[in-house]
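Colleague: The following block contains the structure, expressed as structure tokens.
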Amino acid sequence: MAALTRLPLHRASLWLLLVLIGGGVAAQDRSPDPVPTWPKNGQIPLQYRDRYVFLTDDKHTVVVLAPERPDTGITGPKQVIRVPLWNNIVPLVSASLTRVSGVIEYEYTIENSKEAQDPIGKFSVIVPARVSDLKIRHVAKGGAPWAGAAAYAAIAQQVILQRSPGRYLTWFYQGDNVVQPGSTRDGFVIESSYLPGLTTAWFSAGRLVEFDQSWPREIFQQLHLLEDRRWYEASAITVGPTFPPGTPKEAMIESFRQDLEQLIKSGSLSASSEFVKEAFGVLNELRRNPSGRPVLKVSPQIKIEAAFTAALAISLGISERSPQ
């Protein structure tokens, strides 16, 4: 039997987790596609006669034209092999923030929408490269707790927000304790003295895609085009440790303003929404009077807005108006 690129990730140790934290990719925010779309009728157009790697329309499966026999090489008869990317996940994330003994406790709940087809087995949050006072844990309320670890390399790129590369904090499922479609899991906790701001969370099934190592190098040269985190994982904006203690308030105000602008530019938020208008208003008020205590008069309606509101409350002292 030919060798496959695979690892038993469901039993990953912390050491293995640290090695894998920087790897992987998501099925979103990609333009143009790096490989052609597999034709529905299976007939390869002439312009793709030297192509051996394709994607299905839904971007959830790689279609490979592989030799029927390894000894014939790339010029011999081909067979169609479909390799799932395990990226059919629809993640949502929410966070609650609490001050505890001089640090901020960030607790996350992750959800996999019922529309998903694959489970979530890996969850990461990007933090600044220099943050060092981190504690990371998972408080499981059923099943085995997920293993958690912090990467050392500053290779984590934000998806929408303009930041320098940071580090990944990653939790990895143990046993069969994954987040199935239509279910949630909570208890993912970070403790840090860093004040909250917006950041990127990444999600994946926690499985490696398996490719037959007997395939010719021409196939792997084209598979290399899919080595981008966004093809295997999905991302979402959330809140996390962002600003070192003592960061000037003016700097945080400008950072939040830039984040709002980037979220609007990306289409994640609408410039015409009442929440966005109100958020810009309180930030402009703080620019004029940094010692003020403005109140956010519009309640968040979606998770990005809720994350933004939670970060404003602790980092800038902007409170939300109490419901009538």
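Colleague: Is there a residue being in a strand (DSSP E or B), of a type in the set (Gly, Ala, Ser) and either modelled with pLDDT under 95 or in contact with a helix residue (DSSP H, G or I) (Cβ under 7 Å, 6 or more places away or on another chain) (or both) anywhere in region 69-76?
Modeller: Looking through region 69-76, none of the residues is in a strand (DSSP E or B), of a type in the set (Gly, Ala, Ser) and either modelled with pLDDT under 95 or in contact with a helix residue (DSSP H, G or I) (Cβ under 7 Å, 6 or more places away or on another chain) (or both).
Colleague: A follow-up question, please. If I go through region 91-131 residue by residue, how many of them are assigned to a loop (DSSP other than H, G, I, E, B) and surrounded by fewer than 18 Cβ atoms within 10 Å (Cβ to Cβ)?
Modeller: Step one: of region 91-131, the residues assigned to a loop (DSSP other than H, G, I, E, B) are 101-102, 113-119, 121, 128-131.
From what's left, surrounded by fewer than 18 Cβ atoms within 10 Å (Cβ to Cβ): 101-102, 113-115, 117, 129-130.
Total satisfying the criteria: 8.
Colleague: Under 7 Å by Cβ, and 6 or more places apart or on different chains, what pairs join a residue from region 245-269 that is closer than 15 Å to residue 305 by Cα with one that is small (Gly, Ala, Ser) and part of a helix (DSSP H, G or I)?
Modeller: The qualifying pairs are 260/279.
Colleague: Test residue 81 against the criterion of being among the aliphatic types (A, V, I, L, M), at pLDDT 85 or above and within 22 Å of residue 166 (Cβ to Cβ), and give yes or no.
Modeller: no
Colleague: So residue 299 fits all but one of (1) assigned to a loop (DSSP other than H, G, I, E, B); (2) hydroxyl-bearing (Ser, Thr, Tyr); (3) closer than 30 Å to residue 33 by Cα; what number is the exception?
Modeller: Every condition holds for residue 299 apart from (3).
Colleague: Residues to consider are 275, 256; find the one that is in contact with an Asp or Glu (Cβ under 6 Å, 6 or more places away or on another chain) and in the same structural domain as residue 294 (by TED's automatic domain parsing).
Modeller: 275
Colleague: Would you mind stating whether residue 229 is over 30 Å from residue 49 (Cβ atoms) and among the basic types (Lys, Arg)?
Modeller: Details: over 30 Å from residue 49 (Cβ atoms): yes; among the basic types (Lys, Arg): yes.
Answer is yes for this residue.
Colleague: Starting from residues that are in contact (Cβ under 8 Å) with a residue 60 or more places away in the chain and out of contact with any strand residue (DSSP E or B) (no Cβ under 8 Å at 6 or more places or on another chain), keep the ones in region 52-83 and report whichever is nearest to residue 35 (Cα to Cα).
Modeller: Once the filter is applied, the top-ranked residue is 59.
Colleague: Looking at 115, 105, can you tell me which residue is modelled with pLDDT of 95 or more, among the acidic types (Asp, Glu) and farther than 19 Å from residue 199 by Cβ?
Modeller: 115
Colleague: On the given criteria, is residue 166 on the phi > 0 side of the Ramachandran plot and modelled with pLDDT of 90 or more?
Modeller: So residue 166 does not fit the description; no.
The values are calculated or read from the model by the stated rules, or taken from the named source; none is laboratory data. Computed from a predicted model, the values in this text were never measured in an experiment. Methodologically, a virtual Cβ is constructed for each residue, glycine included, from the backbone with ideal geometry; neighbour enumeration extends over all protein chains shown.
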